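Let me begin by presenting the structure, written as structure tokens, before commenting on it.
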Amino acid sequence: MLRVDIAKQLGEFSLSASFESEGRVTGLFGASGAGKTSLINVIAGLLTPDRGSIAVDGETLDDTAAGVHVPPHRRRIGYVFQDARLFPHLDVRQNLDYGRRMNRLADDPAQRRRVTDLLDIGHLMDRRPGKLSGGERQRVALGRALLSKPRLLLLDEPLGSLDEGRKIEILPYLVRLRDEAGVPMVYVSHDAAELRQVATQIVMLQRGRVTSFGGVKVLTPSPR
């Protein structure tokens with residue numbers, strides 16, 4: 001369960017969002033500038049809300065009335081960016097292990113094998129990011145986030161920097177992630193067709209406000 005009820009002023013832009021989601025993949029949909037990335041940055045703890053609260057699985061991460069703000073590194077939230085953000089001087093094996101080490105988690109070979117099989121990246125272990133395709137880099141970024149054992153995974157336009165061929169390549173892995181990984185996700189996109197394939201619930205944002213919330217049917221334009 002993800003519960004969000006926050007307000008945040010960012011310069012001249014005002015973000016105000018309230019929703020509760022139990023979906024495996026909560027899609028944040030809206031045009032550029034709607035506030036999607038700002039909202040997941042608040043969920044991640046990278047931005048502190050001016051007012052309101054955020055809770056994941058019943059644990060309060062932000063509550064401005066009570067003075068609660070759990071720092072990002074203690075939220076157990078994984079974050080996958082549009083540009084993967086792998087460390088270029090590390091090979092795939094070392095990149096994958098980074099999240100586990102930063103979170104001081106014990107090595108779990110069985111979990112690592114499950115994740116590398118799920119994302120089909122076992123054969124890439126000795127390569128550095130510069131030798132990977134865009135789709136391979138995103139799969140490694142997903143693996144790194146999963147191996148930090150998050151309770152929630154945030155994906156900010158994970159296909160946004162890929163061409164159509166790479167998008168078609170990686171979409172099945174995102175569907176497998178939804179169905180097999182057991183980690184709820186918040187998935188940011190301005191592509192309705194993409195969200196129809198991946199998301200189970202939709203939060204529609206427009207100019208910093210939630211205009212619709214529900215199943216993927218809310219992505220279908222209303223007849224005039």
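The values are calculated or read from the model by the stated rules, or taken from the named source; none is laboratory data. Just so we're clear, the structure is a prediction, and the values are computed from it rather than from any experiment. Cβ: placed from backbone, ideal geometry, glycine included. Neighbour counts: every protein chain shown.
Starting from residues that are closer than 15 Å to LEU86 by Cα and hydroxyl-bearing (Ser, Thr, Tyr), keep the ones in segment 105-155 and report whichever is nearest to the chain's Cα centre (by Cα).
SER148
Restricting the search to segment 161-175, which residues are touching a residue at least 40 places away in the same chain (Cβ under 8 Å) and in contact with a Leu (Cβ under 6 Å, 6 or more places away or on another chain)?
TYR173
Tell me yes or no: at least one residue of segment 169-180 is at pLDDT below 95, over 19 Å from ARG24 (Cβ atoms) and surrounded by 21 or more Cβ atoms within 10 Å (Cβ to Cβ).
Within segment 169-180, not a single residue is at pLDDT below 95, over 19 Å from ARG24 (Cβ atoms) and surrounded by 21 or more Cβ atoms within 10 Å (Cβ to Cβ).
Collect the residues in segment 62-81 that are under 21 Å from PRO158 (Cβ atoms), in contact with a helix residue (DSSP H, G or I) (Cβ under 9 Å, 6 or more places away or on another chain) and not hydrophobic (A, V, I, L, M, F, W, C), keeping them in residue-number order.
Listed by number, the residues that qualify are PRO72, ARG75, GLY78, TYR79.
Can you confirm whether GLU157 is acidic (Asp, Glu) and either out of contact with any His (no Cβ under 9 Å at 6 or more places or on another chain) or exposed (fewer than 15 other Cβ atoms within 10 Å of the Cβ) (or both)?
no
Counting only residues that are acidic (Asp, Glu) and outside any loop (DSSP other than H, G, I, E, B), which one in segment 73-120 is surrounded by the most Cβ atoms within 10 Å (Cβ to Cβ)?
ASP97
Which of the residues that make up segment 143-186 are under 22 Å from GLY122 (Cβ atoms) and β-branched (Val, Ile, Thr)?
ILE168, ILE170, VAL175, VAL183
From the residues in segment 17-29 that are at pLDDT 95 or above and of a type in the set (Gly, Ala, Ser), which one is surrounded by the fewest Cβ atoms within 10 Å (Cβ to Cβ)?
Here the residue is SER18.
Has segment 1-15 got any residue that is among the hydrophobic types (A, V, I, L, M, F, W, C), within 28 Å of SER161 (Cα to Cα) and assigned to a loop (DSSP other than H, G, I, E, B)?
Within segment 1-15 (the criterion being among the hydrophobic types (A, V, I, L, M, F, W, C), within 28 Å of SER161 (Cα to Cα) and assigned to a loop (DSSP other than H, G, I, E, B)), the answer is no, since none of the residues qualifies.
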